[in-house]
1. What pairs come out if I take residues in the range 190-202 that are within 22 Å of Phe170 (Cβ to Cβ) and pair them with residues that are among the polar types (S, T, N, Q) whose C-beta lies under 7 Å away, six or more apart or interchain?
2. Testing Cys161 on (1) farther than 28 Å from Asp285 by Cβ; (2) part of a loop (DSSP other than H, G, I, E, B), one condition comes back false. Which one is that?
3. Is at least one residue of the range 48-59 small (Gly, Ala, Ser), farther than 26 Å from Gly120 by Cβ and open to solvent by 20 Å² or more (accessible area, probe 1.4 Å)?
4. Asn139 versus (1) in contact (Cβ under 8 Å) with a residue 60 or more places away in the chain; (2) of a type outside the set (Asp, Glu); (3) surrounded by fewer than 24 Cβ atoms within 10 Å (Cβ to Cβ): which is the lone unmet condition?
5. From the list Lys239, Lys252, exactly one residue is of a type in the set (Lys, Arg) and under 17 Å from the mean Cα position of the chain (by Cα). Which is it?
6. Which residue out of Leu284, Leu304 is touching a Gly at 6+ places or on another chain (Cβ under 7 Å) and over 19 Å from Asp196 (Cβ atoms)?
7. Just wondering, is there one or more residues in the range 159-173 that are of a type in the set (Ser, Thr, Tyr), farther than 28 Å from Ala98 by Cβ and either in contact with a Ser or Thr (Cβ under 9 Å, 6 or more places away or on another chain) or without any contact (Cβ under 8 Å) to a residue 24 or more places away in the chain (or both)?
Amino acid sequence: MPERYYWEAVRDALAEEMRRDPAVFVMGEDVAIYGGAYGATRGLYEEFGEERVRDTPISENTIAGAATGAAMMGMRPVAEIMYADFLTLAMDQLVNTAAKNRYMFGGRTKVPMVLRTEGGTGRGIAAQHSQSPEAWFNNVPGLYLVMPATPYDAKGLLKTCIRDENPILFIEHKMLYGTKGEVPDGEYTIPLGVADIKRPGEDVTIIAYSKVVLDSLEAARQLAAEGIDAEVIDLRTIKPLDMGAILKSVRKTGRVVCVSEGCRTNGVPSELIARIQEEAFDWLDAPVARVCGEDVPIPMSPPLEAAAVPSVERIVAAAMNLVE
């Protein structure tokens with residue numbers, strides 16, 4: 001199976017869906033001639049032209065609003081917000097209009113739009129360009145939330161999102177664009193709400209999503225050297241959430257570590273822990289642990305930035321603490 005970079009997988013998904021459906025178009029800051037901040041729309045302008053690959057002004061609220069309106073009128077926009085931090089500027093259109101529209105019109109309207117963006121740390125670009133804001137949007141009814149960790153998942157999930165009838169926030173991690181993985185040449189999609197067991201195990205369950213999936217897999221390899229067999233679950237979609245896969249693993253291992261680059265307080269792991277306690281308390285052999293980002297603005301200094309987010313060492317330590 002051929003290998004593709006993460007950014008190529010995103011670009012291929014966009015190109016294939018644009019060829020398949022003339023209603024699909026791309027819009028955002030520098031997505032056309034420049035090809036996107038991380039290259040994920042490279043070559044689309046040359047193939048599909050300015051009518052379907054549109055540069056926009058630096059106005060995130062306008063981008064989200066235009067995408068919402070176009071979706072309601074029968075198009076399938078894929079809008080790009082350059083940094084997830086700037087979703088704050090698009091919050092009103094995304095939260096109050098796109099996410100609530102189908103409910104407020106009794107299901108008679110659809111909003112088939114995807115808002116792509118990238119988040120996370122690793123490039124030393126400081127507090128306003130390195131956040132992991134997924135928990136903010138996990139609290140919004142009507143909005144789906146997808147965060148793929150591998151090129152295979154990025155392509156398959158993005159194609160599914162473009163075909164879905166609901167507004168979807170698709171968050172890529174800036175440190176994943178340069179990663180490579182196997183991606184089939186042919187057509188495939190991945191259903192929403194289905195987690196992936198990236199590594200089976202028997203002793204402890206590590207639940208992760210986005211870039212920390214790769215850290216969790218490395219942690220699992222180090223744990224194996226210590227005789228601890230860790231299972232790594234990649235959620236892939238935060239909403240809808242695959243609680244079935246989580247509970248099945250918890251009942252098998254009895255020990256859980258939840259990993260997220262987002263802030264510790266009220267982050268995605270907070271909800272995961274609550275659900276596990278509610279639905280699988282009797283199977284737990286130890287309190288559920290979490291390894292999260294610190295409750296601080298992300299520093300520009302590389303050593304301080306690394307200290308503010310989960311590391312392989314912290315994941316290993318949390319798992320060993322549960323098992324020993």
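1. Between residues of the range 190-202 that are within 22 Å of Phe170 (Cβ to Cβ) and residues that are among the polar types (S, T, N, Q), the close pairs are Ile190/Thr160; Pro191/Thr160; Leu192/Thr160; Leu192/Thr237; Gly193/Thr237.
2. (2)
3. So far as the range 48-59 goes, yes, one or more of its residues are small (Gly, Ala, Ser), farther than 26 Å from Gly120 by Cβ and open to solvent by 20 Å² or more (accessible area, probe 1.4 Å).
4. (1)
5. From the options Lys239, Lys252, the qualifying one is Lys239.
6. Values: Leu304 fails: touching a Gly at 6+ places or on another chain (Cβ under 7 Å).
Exactly one of Leu284, Leu304 is touching a Gly at 6+ places or on another chain (Cβ under 7 Å) and over 19 Å from Asp196 (Cβ atoms), namely Leu284.
7. no
Every residue, every condition in (1) part of a loop (DSSP other than H, G, I, E, B); (2) open to solvent by 60 Å² or more (accessible area, probe 1.4 Å), yes or no:
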residue	(1), (2)
Thr62	no, yes
Gly65	no, no
Gly74	yes, no
Ala90	no, no
Leu94	no, no
Pro112	yes, no
Thr117	no, no
Thr121	yes, no
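The values are calculated or read from the model by the stated rules, or taken from the named source; none is laboratory data. These numbers were taken from a predicted model, which means no experiment stands behind them. Please note: Cβ atoms are built from the backbone with ideal geometry, for glycine as well, and neighbour counts cover all protein chains shown. When the accessible area is computed, the model is the full protein with side chains, heavy atoms only, and any ligands, DNA or RNA have been set aside. Shrake-Rupley method; radii C 1.70, N 1.55, O 1.52, S 1.80 Å.
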